[in-house]
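Written out below as C-alpha coordinates is the structure these notes cover.
The values are calculated or read from the model by the stated rules, or taken from the named source; none is laboratory data. Remember, predicted model here, so these are calculated numbers, not experimental data. Heads up, the Cβs are rebuilt from the backbone with ideal geometry, glycines too, and the neighbour counts pull from every protein chain shown.
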Amino acid sequence: MRPGDVHDPLLRQVLPLADELQVAAGFTTNPVGDREASRAAGLLQKYAGRALILTTGACAVHCRYCFRRHFPYADELASADRWATLVAQIASDRSLDEVILSGGDPLTLSDRRLAEMVEDLAAIAHLRRLRLHTRLPVVIPQRVTDELLEVLRSGRLTPIVVIHANHPQELDEATLESLARLVDAGIPVLNQAVLLRGVNDRVDVLEALCRRLVDARVMPYYLHQLDRVTGAQHFETPEELGYELIEQLRARLPGYAVPRWVRETAGEVSKTLLA
Ligand SMILES: *Cc1c(COP(=O)(O)O)cnc(C)c1O
Ligand code: SF4
(Lines give C-alpha, C1' and ligand atoms only; values in the text may rest on other atoms or scores of the structure.)
(Ligands and ions follow the chains in the order given, each with its own letter.)
Protein backbone atom coordinates (compact mmCIF):
# COMPACT_ATOMS: atom_id res chain seq x y z
CA MET A 1 0.00 0.00 0.00
CA ARG A 2 1.08 3.55 -0.66
CA PRO A 3 0.86 5.35 2.69
CA GLY A 4 -1.58 8.27 2.66
CA ASP A 5 -3.44 7.24 -0.53
CA VAL A 6 -7.09 6.44 0.31
CA HIS A 7 -7.63 5.20 -3.24
CA ASP A 8 -4.83 2.67 -3.01
CA PRO A 9 -6.16 -0.58 -4.56
CA LEU A 10 -4.77 -2.73 -1.75
CA LEU A 11 -6.13 -0.47 0.98
CA ARG A 12 -9.58 -0.39 -0.61
CA GLN A 13 -9.87 -4.16 -0.22
CA VAL A 14 -9.65 -3.91 3.57
CA LEU A 15 -10.83 -0.38 4.43
CA PRO A 16 -14.29 -0.25 6.09
CA LEU A 17 -16.34 2.52 4.44
CA ALA A 18 -19.74 4.03 5.27
CA ASP A 19 -20.79 2.80 1.78
CA GLU A 20 -21.10 -0.66 3.31
CA LEU A 21 -24.15 0.47 5.28
CA GLN A 22 -26.22 1.32 2.20
CA VAL A 23 -29.10 -1.05 1.63
CA ALA A 24 -28.96 -2.60 -1.84
CA ALA A 25 -31.57 -4.83 -3.47
CA GLY A 26 -30.32 -8.34 -4.27
CA PHE A 27 -27.52 -8.30 -1.71
CA THR A 28 -27.95 -10.81 1.13
CA THR A 29 -26.05 -12.34 4.04
CA ASN A 30 -26.09 -15.79 2.32
CA PRO A 31 -25.18 -14.90 -1.28
CA VAL A 32 -24.01 -18.24 -2.69
CA GLY A 33 -26.13 -20.78 -0.85
CA ASP A 34 -23.41 -21.91 1.56
CA ARG A 35 -25.92 -22.66 4.31
CA GLU A 36 -27.95 -24.98 2.07
CA ALA A 37 -24.77 -26.80 0.97
CA SER A 38 -23.85 -27.95 4.47
CA ARG A 39 -23.48 -31.74 4.69
CA ALA A 40 -22.18 -31.79 8.25
CA ALA A 41 -20.90 -29.07 10.57
CA GLY A 42 -17.84 -27.73 8.75
CA LEU A 43 -18.42 -29.60 5.48
CA LEU A 44 -19.92 -28.03 2.35
CA GLN A 45 -20.63 -29.78 -0.91
CA LYS A 46 -22.03 -28.12 -3.98
CA TYR A 47 -20.26 -29.88 -6.82
CA ALA A 48 -19.61 -33.46 -7.90
CA GLY A 49 -16.52 -35.13 -6.51
CA ARG A 50 -15.27 -32.33 -4.30
CA ALA A 51 -16.19 -31.28 -0.78
CA LEU A 52 -15.00 -28.21 1.08
CA ILE A 53 -13.98 -28.11 4.74
CA LEU A 54 -14.40 -24.90 6.74
CA THR A 55 -11.27 -25.39 8.80
CA THR A 56 -11.34 -22.07 10.66
CA GLY A 57 -13.07 -18.68 10.67
CA ALA A 58 -9.72 -16.91 11.02
CA CYS A 59 -8.19 -15.15 8.05
CA ALA A 60 -5.18 -12.86 7.73
CA VAL A 61 -7.01 -10.27 5.66
CA HIS A 62 -10.75 -9.93 6.25
CA CYS A 63 -11.47 -8.49 2.79
CA ARG A 64 -14.47 -6.19 2.96
CA TYR A 65 -16.10 -7.98 0.00
CA CYS A 66 -15.65 -11.48 1.50
CA PHE A 67 -18.65 -13.60 0.49
CA ARG A 68 -18.49 -15.29 3.89
CA ARG A 69 -18.44 -12.02 5.83
CA HIS A 70 -21.77 -12.89 7.47
CA PHE A 71 -21.19 -16.63 7.66
CA PRO A 72 -22.16 -18.18 11.02
CA TYR A 73 -18.71 -19.66 11.61
CA ALA A 74 -19.43 -20.44 15.26
CA ASP A 75 -22.01 -23.07 14.26
CA GLU A 76 -20.39 -24.28 11.06
CA LEU A 77 -16.71 -24.93 11.68
CA ALA A 78 -14.85 -28.19 11.46
CA SER A 79 -13.72 -27.71 15.06
CA ALA A 80 -11.67 -30.39 16.82
CA ASP A 81 -14.71 -32.04 18.42
CA ARG A 82 -16.49 -32.32 15.06
CA TRP A 83 -13.48 -33.49 13.05
CA ALA A 84 -13.97 -37.25 13.50
CA THR A 85 -17.63 -37.03 12.37
CA LEU A 86 -16.64 -35.02 9.35
CA VAL A 87 -13.87 -37.44 8.35
CA ALA A 88 -16.33 -40.33 8.73
CA GLN A 89 -18.79 -38.50 6.49
CA ILE A 90 -16.15 -38.04 3.76
CA ALA A 91 -15.02 -41.66 4.16
CA SER A 92 -18.59 -42.88 3.66
CA ASP A 93 -18.98 -41.07 0.32
CA ARG A 94 -16.99 -42.79 -2.40
CA SER A 95 -18.06 -40.24 -5.01
CA LEU A 96 -15.59 -37.75 -3.49
CA ASP A 97 -12.03 -37.69 -4.81
CA GLU A 98 -11.00 -34.19 -3.75
CA VAL A 99 -11.15 -32.25 -0.52
CA ILE A 100 -10.70 -28.49 -0.32
CA LEU A 101 -9.39 -26.94 2.88
CA SER A 102 -10.95 -23.50 3.14
CA GLY A 103 -12.31 -21.20 5.83
CA GLY A 104 -11.40 -18.45 6.68
CA ASP A 105 -7.88 -19.41 5.72
CA PRO A 106 -6.54 -22.91 6.40
CA LEU A 107 -2.96 -21.62 6.59
CA THR A 108 -3.81 -19.72 9.79
CA LEU A 109 -3.71 -23.20 11.37
CA SER A 110 -0.43 -24.56 12.68
CA ASP A 111 1.67 -26.94 10.59
CA ARG A 112 1.04 -29.57 13.25
CA ARG A 113 -2.75 -29.27 12.98
CA LEU A 114 -2.55 -29.28 9.17
CA ALA A 115 -0.36 -32.38 9.28
CA GLU A 116 -2.99 -34.17 11.40
CA MET A 117 -5.73 -33.16 8.99
CA VAL A 118 -3.75 -34.25 5.94
CA GLU A 119 -2.92 -37.56 7.58
CA ASP A 120 -6.58 -38.30 8.44
CA LEU A 121 -7.71 -37.38 4.93
CA ALA A 122 -4.93 -39.37 3.25
CA ALA A 123 -6.21 -42.45 5.09
CA ILE A 124 -9.45 -42.26 3.07
CA ALA A 125 -8.66 -44.49 0.10
CA HIS A 126 -10.98 -42.87 -2.46
CA LEU A 127 -9.49 -39.38 -2.04
CA ARG A 128 -6.89 -38.39 -4.66
CA ARG A 129 -6.33 -34.66 -4.27
CA LEU A 130 -6.10 -32.10 -1.51
CA ARG A 131 -6.70 -28.48 -2.43
CA LEU A 132 -5.96 -25.46 -0.25
CA HIS A 133 -7.73 -22.16 -0.78
CA THR A 134 -5.49 -19.58 0.89
CA ARG A 135 -4.43 -15.96 0.74
CA LEU A 136 -1.57 -16.41 3.19
CA PRO A 137 1.22 -16.86 0.59
CA VAL A 138 0.25 -13.41 -0.68
CA VAL A 139 -0.28 -11.51 2.56
CA ILE A 140 2.11 -13.30 4.94
CA PRO A 141 4.64 -14.91 2.58
CA GLN A 142 6.74 -16.14 5.53
CA ARG A 143 3.92 -18.62 6.20
CA VAL A 144 5.23 -20.82 3.38
CA THR A 145 7.65 -22.66 5.67
CA ASP A 146 9.73 -25.74 4.94
CA GLU A 147 7.49 -27.63 7.37
CA LEU A 148 4.40 -26.60 5.44
CA LEU A 149 5.91 -27.72 2.13
CA GLU A 150 6.80 -31.01 3.76
CA VAL A 151 3.25 -31.50 5.05
CA LEU A 152 1.78 -30.80 1.61
CA ARG A 153 4.30 -32.78 -0.38
CA SER A 154 4.93 -35.83 1.73
CA GLY A 155 1.40 -37.21 1.86
CA ARG A 156 -0.35 -39.52 -0.55
CA LEU A 157 -2.77 -36.88 -1.85
CA THR A 158 -1.85 -34.63 -4.78
CA PRO A 159 -1.69 -31.09 -3.40
CA ILE A 160 -3.04 -28.07 -5.27
CA VAL A 161 -2.83 -24.55 -3.88
CA VAL A 162 -5.25 -21.85 -4.99
CA ILE A 163 -4.21 -18.34 -3.92
CA HIS A 164 -6.19 -15.10 -4.08
CA ALA A 165 -4.59 -11.97 -5.53
CA ASN A 166 -6.53 -9.17 -7.20
CA HIS A 167 -3.92 -6.58 -8.10
CA PRO A 168 -0.31 -6.78 -9.40
CA GLN A 169 0.91 -4.72 -6.44
CA GLU A 170 -0.02 -7.63 -4.17
CA LEU A 171 2.77 -9.63 -5.80
CA ASP A 172 5.98 -8.08 -4.48
CA GLU A 173 9.40 -9.72 -4.15
CA ALA A 174 8.62 -11.52 -0.89
CA THR A 175 5.34 -12.83 -2.24
CA LEU A 176 6.88 -13.99 -5.51
CA GLU A 177 9.49 -15.83 -3.50
CA SER A 178 6.83 -17.63 -1.41
CA LEU A 179 5.04 -18.64 -4.61
CA ALA A 180 8.29 -19.88 -6.15
CA ARG A 181 8.84 -22.08 -3.09
CA LEU A 182 5.45 -23.72 -3.59
CA VAL A 183 5.97 -24.25 -7.32
CA ASP A 184 9.54 -25.47 -6.83
CA ALA A 185 8.13 -28.04 -4.40
CA GLY A 186 6.13 -29.41 -7.33
CA ILE A 187 2.78 -28.02 -6.19
CA PRO A 188 0.51 -26.58 -8.87
CA VAL A 189 -0.51 -23.03 -7.88
CA LEU A 190 -3.57 -21.28 -9.32
CA ASN A 191 -4.99 -17.83 -8.65
CA GLN A 192 -8.52 -16.64 -8.10
CA ALA A 193 -9.33 -12.95 -8.30
CA VAL A 194 -12.51 -11.00 -7.76
CA LEU A 195 -13.46 -8.20 -10.13
CA LEU A 196 -13.70 -5.17 -7.81
CA ARG A 197 -14.72 -1.61 -8.56
CA GLY A 198 -11.91 0.79 -7.73
CA VAL A 199 -9.38 -2.03 -7.33
CA ASN A 200 -8.87 -3.97 -10.57
CA ASP A 201 -11.68 -2.92 -12.91
CA ARG A 202 -9.29 -1.76 -15.67
CA VAL A 203 -7.77 -3.88 -18.40
CA ASP A 204 -4.23 -2.60 -17.76
CA VAL A 205 -4.43 -3.68 -14.13
CA LEU A 206 -5.79 -7.14 -14.93
CA GLU A 207 -3.26 -7.60 -17.70
CA ALA A 208 -0.40 -6.72 -15.36
CA LEU A 209 -1.80 -9.07 -12.72
CA CYS A 210 -2.04 -11.98 -15.17
CA ARG A 211 1.45 -11.35 -16.56
CA ARG A 212 2.97 -11.22 -13.10
CA LEU A 213 1.18 -14.44 -12.16
CA VAL A 214 2.27 -16.48 -15.17
CA ASP A 215 5.82 -15.14 -14.89
CA ALA A 216 5.72 -16.58 -11.36
CA ARG A 217 4.37 -19.90 -12.76
CA VAL A 218 0.97 -19.29 -11.14
CA MET A 219 -1.95 -19.94 -13.48
CA PRO A 220 -4.85 -17.47 -13.54
CA TYR A 221 -7.85 -19.70 -12.77
CA TYR A 222 -10.99 -17.74 -12.00
CA LEU A 223 -11.95 -14.08 -12.17
CA HIS A 224 -15.11 -13.95 -10.06
CA GLN A 225 -17.98 -11.60 -10.63
CA LEU A 226 -18.62 -10.18 -7.15
CA ASP A 227 -20.83 -12.33 -4.93
CA ARG A 228 -23.74 -10.15 -3.86
CA VAL A 229 -23.07 -10.13 -0.14
CA THR A 230 -24.56 -7.44 2.09
CA GLY A 231 -22.02 -4.67 2.69
CA ALA A 232 -20.05 -5.18 -0.54
CA GLN A 233 -22.39 -3.40 -2.97
CA HIS A 234 -19.91 -0.56 -3.57
CA PHE A 235 -17.46 -3.06 -5.09
CA GLU A 236 -19.85 -4.33 -7.77
CA THR A 237 -19.02 -3.77 -11.45
CA PRO A 238 -21.63 -3.88 -14.23
CA GLU A 239 -21.78 -7.17 -16.09
CA GLU A 240 -21.03 -5.52 -19.47
CA LEU A 241 -17.69 -4.35 -18.11
CA GLY A 242 -16.61 -7.94 -17.38
CA TYR A 243 -17.30 -9.00 -20.97
CA GLU A 244 -15.28 -6.05 -22.30
CA LEU A 245 -12.36 -6.69 -19.97
CA ILE A 246 -12.14 -10.39 -20.87
CA GLU A 247 -12.34 -9.61 -24.57
CA GLN A 248 -9.48 -7.11 -24.23
CA LEU A 249 -7.41 -9.52 -22.14
CA ARG A 250 -7.86 -12.19 -24.83
CA ALA A 251 -6.51 -9.74 -27.40
CA ARG A 252 -3.42 -9.01 -25.30
CA LEU A 253 -2.41 -12.23 -23.55
CA PRO A 254 -1.58 -15.84 -24.37
CA GLY A 255 -4.64 -18.04 -23.92
CA TYR A 256 -3.32 -19.70 -20.78
CA ALA A 257 -2.93 -16.33 -19.04
CA VAL A 258 -6.60 -15.35 -19.33
CA PRO A 259 -8.73 -16.40 -16.32
CA ARG A 260 -12.22 -17.84 -16.67
CA TRP A 261 -14.69 -15.13 -15.72
CA VAL A 262 -17.36 -16.79 -13.58
CA ARG A 263 -20.28 -16.14 -11.32
CA GLU A 264 -21.45 -18.39 -8.54
CA THR A 265 -25.17 -19.03 -8.42
CA ALA A 266 -26.67 -21.09 -5.60
CA GLY A 267 -27.96 -24.46 -6.74
CA GLU A 268 -25.89 -24.72 -9.97
CA VAL A 269 -23.68 -27.77 -10.68
CA SER A 270 -20.53 -25.62 -11.14
CA LYS A 271 -19.49 -22.00 -11.19
CA THR A 272 -21.21 -20.40 -14.18
CA LEU A 273 -18.84 -19.46 -16.99
CA LEU A 274 -19.62 -15.92 -18.17
CA ALA A 275 -16.70 -15.61 -20.59
C1 LIG B 1 -16.22 -22.82 -5.55
C2 LIG B 1 -16.40 -24.06 -4.75
C3 LIG B 1 -15.67 -25.22 -5.04
C4 LIG B 1 -14.60 -25.26 -6.10
O5 LIG B 1 -15.09 -25.24 -7.37
P6 LIG B 1 -14.07 -25.47 -8.58
O7 LIG B 1 -14.82 -25.06 -9.78
O8 LIG B 1 -13.68 -26.91 -8.54
O9 LIG B 1 -12.86 -24.61 -8.29
C10 LIG B 1 -15.93 -26.37 -4.32
N11 LIG B 1 -16.85 -26.39 -3.34
C12 LIG B 1 -17.57 -25.30 -3.03
C13 LIG B 1 -18.58 -25.40 -1.95
C14 LIG B 1 -17.36 -24.09 -3.71
O15 LIG B 1 -18.06 -23.00 -3.38
S1 SF4 C 1 -8.96 -13.95 1.99
FE2 SF4 C 1 -10.78 -15.08 1.37
S3 SF4 C 1 -11.70 -15.83 3.32
FE4 SF4 C 1 -10.25 -14.21 3.85
S5 SF4 C 1 -11.53 -12.37 3.97
FE6 SF4 C 1 -10.63 -12.46 1.89
S7 SF4 C 1 -12.20 -13.46 0.61
FE8 SF4 C 1 -12.71 -13.88 2.80
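Just a few scattered comments:
- Of the residues making up the range 31-41, those that are surrounded by 18 or more Cβ atoms within 10 Å (Cβ to Cβ) and in a loop (DSSP other than H, G, I, E, B) are Pro31, Val32, Asp34.
- Val23 free of Cβ contacts under 8 Å to residues at least 24 places away in the same chain and part of a loop (DSSP other than H, G, I, E, B): yes
- For beta carbons closer than 9 Å, sequence separation of 6+ or different chains, a first residue in the range 63-74 that is within 9 Å of Thr230 (Cα to Cα) and a second that is more than 11 Å from ligand 2 (Cβ to nearest atom) and of a type in the set (Lys, Arg), the qualifying pairs are Phe67/Arg228.
- Of all residues making up the range 196-223, the number that are within 16 Å of ligand 1 (Cβ to nearest atom), closer than 30 Å to Ala25 by Cα and crowded, with 22+ Cβ neighbours inside 10 Å: 1
- The number of residues in the range 56-76 being within 14 Å of ligand 2 (Cβ to nearest atom) and within 21 Å of Thr28 (Cα to Cα) comes to 13.
- Of the numbered criteria (1) assigned to a helix (DSSP H, G or I); (2) charged (D, E, K, R); (3) within 16 Å of ligand 2 (Cβ to nearest atom), the one Glu240 fails is (3).
- Annotation note: of Gly33, Gly42, the sole residue that is within 19 Å of the chain's Cα centre (by Cα), within 18 Å of Asp105 (Cβ to Cβ) and within 16 Å of ligand 1 (Cβ to nearest atom) is Gly42.
- Unique residue being under 19 Å from Leu136 (Cβ atoms), within 16 Å of ligand 1 (Cβ to nearest atom) and not in a helix (DSSP H, G or I) when the list is Leu190, Leu226: Leu190
- If you go through the range 144-175 and pick out every residue that is part of a helix (DSSP H, G or I), surrounded by fewer than 19 Cβ atoms within 10 Å (Cβ to Cβ) and either within 16 Å of ligand 1 (Cβ to nearest atom) or free of Cβ contacts under 8 Å to residues at least 60 places away in the same chain (or both), you end up with 8.
- Elements of type helices (runs of 4 or more DSSP H) in the range 42-138, at least 1 residues being within 28 Å of Glu236 (Cα to Cα): 73-76
- Some residue of the range 57-78 being of a type outside the set (Ser, Thr, Tyr), modelled with pLDDT under 95 and more than 19 Å from the chain's Cα centre (by Cα): yes
- Matching option when the condition is touching a strand residue (DSSP E or B) at 6+ places or on another chain (Cβ under 8 Å), more than 16 Å from ligand 2 (Cβ to nearest atom) and without any contact (Cβ under 8 Å) to a residue 40 or more places away in the chain, among Leu223, Leu273: Leu273
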